[in-house]
Each structure stands twice: as C-alpha cells, then as structure tokens.
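The values are calculated or read from the model by the stated rules, or taken from the named source; none is laboratory data. Since this is a predicted model, take the numbers as computed values, not measurements. Quick reminder, even Gly has a Cβ in these numbers, built from the backbone with ideal geometry, and neighbours come from all protein chains shown. Accessible surface areas use protein heavy atoms only, side chains included; no ligands, DNA or RNA. Shrake-Rupley method; radii C 1.70, N 1.55, O 1.52, S 1.80 Å.
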Amino acid sequence: MINSSHKFRIISLVPSQTELLVDLGLENAIVGVTKFCVHPKNIRKSKMVVGGTKTIHLDKIKALNPTFILCNKEENTKEIVEACEKITQTHTSEIYTINDTLELIKIYGGFFSKEKEAQNLILKLNTIIEDFYQFIKNKPTLKVVYFIWKNPWMIAANNTFINYLLTLSKFENVYKNLSRYPEITIENLKQSDFILLSSEPYPFKENHITEIRQYAKNAKIILVDGEYFSWYGSRLLKAFGYFKKLRESI
C-alpha cells in the first residue's frame, strides 16, 4: 500500500477508470486524463489532457510530476505502458469479467487509501448484479452480432468484456468462436436475432441501420450505448438498469 500521507498525483489513461476514481472520491487527486475521459462531464476542463488512449504526450505527463499512472492492457499500447513505467509507478488493469472489475475497485481502494469507499461500491454493485441475475434468469437467449467499427467492419467476439456482458444478458454472440475484435465480411454476415450497433468506438447512427439491413434481412438492428457494454468500474452501477430496459424493449 502507498503511504496514506502521500499526496497522490494520478494520471488516468483509461476513461472508465477515470470515472471510477471520481466515484471513489479521488477527483482532487487526478492531475491528467485522456481526451476520451468524458465522465464526469467537467473532468477535461479541470484536468490536463495528456493525449488519447493510444497516443500520449510524454512531455505533458512528465511535467505533471505524477505519483501514479493508471493504464489498461486493452485500451493502451504496450509501448505506452512501458514509457509510463519509466516515469513513475504504473498499474495496468486487465478486465474480462465482473470479478476482475470488483478486484480492480478493491486494488484502487488499497492504493489510494479509499478502502471504505471501495467496499461500499463493491457492495452496491453486488446487490445490483444479483437483482439483474433474478431478472434475466427466465428470459430467452437471443442470438446477436455486436458491431464496434465500420470500414473495416469489426465486431466484438470472445475474450472481451463486451462478450462477457452480452452473455450475462443472455445474448448469444454468434461470433463467439472468434477472438477479440476481428474484421468480418459484411456480405457473409452470420444469421442472428439482433444486430447491435455500438455508439463507440465507432459512432453508429440511424443511417447505418439501412446500410446493414441489406445483409441482414431477418435480424432486428438497433443502436446501443457502447459505454454500458464496454466500460467497467462504477459505470456498471447504471449498466444493468440499461440492460433491463434493453431486454424489455425487444
């Protein structure tokens, strides 16, 4: 554990982890964020923006004199993590499941002397998740495709947090035989009950529904909020309510 008397100067290179830090009561300790850190809404105005998740300005990071840099294996490149490790203490998360998220919250609580806040957040999440399990257990399983990108067309497959949350919501990913975020040929799109077009990282809109429909005559195509399917941490407090509404609406 870091000494509790230490004045924390945290740089977060992961949007969902930035939100988590704020919800743990650490907003004042954050000195740097990415341009994609959009929650809470004011965070980019009050903190130094040090780049994106794939490209960073090392000079800006060094100038902030951070005591800790927070990364993620999926969001940030290996080169970014290695560069950060040369500057100061760096923690790189790797999230695939709810348990991974709960463990990260516990770790942050220990790192930054917020054990009580972390425990309270974990208890809240466990209550919400248990409620969702009861809601979803008798719902039918629906076959889905989850698009994350266009040109090239890319989907979320197995070994992703998105696929984990899809499965939890009783959406069967028809591309679960593939791994990570593969490119697919839209002309040979697998049959499914639903096609989910995510709001991020590619901002799918209504016009894309028409574009995809010619390759998916029988599937219902809907736009979904990608933050709820891909952001871990405290975003999950709201995600399961969103999944409930989504399942009730289809």
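If only residues of region 184-231 that are of a type in the set (Ser, Thr, Tyr) and in contact with a helix residue (DSSP H, G or I) (Cβ under 7 Å, 6 or more places away or on another chain) are counted, the one that is most open to solvent (accessible area, probe 1.4 Å) is TYR215. Going through region 21-50 one residue at a time, which ones are assigned to a loop (DSSP other than H, G, I, E, B), more than 21 Å from TYR202 (Cα to Cα) and of a type in the set (Val, Ile, Thr)? The answer is VAL50, and nothing else. Each residue in region 64-76 was checked for being open to solvent by 40 Å² or more (accessible area, probe 1.4 Å) and either under 25 Å from LEU165 (Cβ atoms) or modelled with pLDDT under 95 (or both), and 3 of them qualify.
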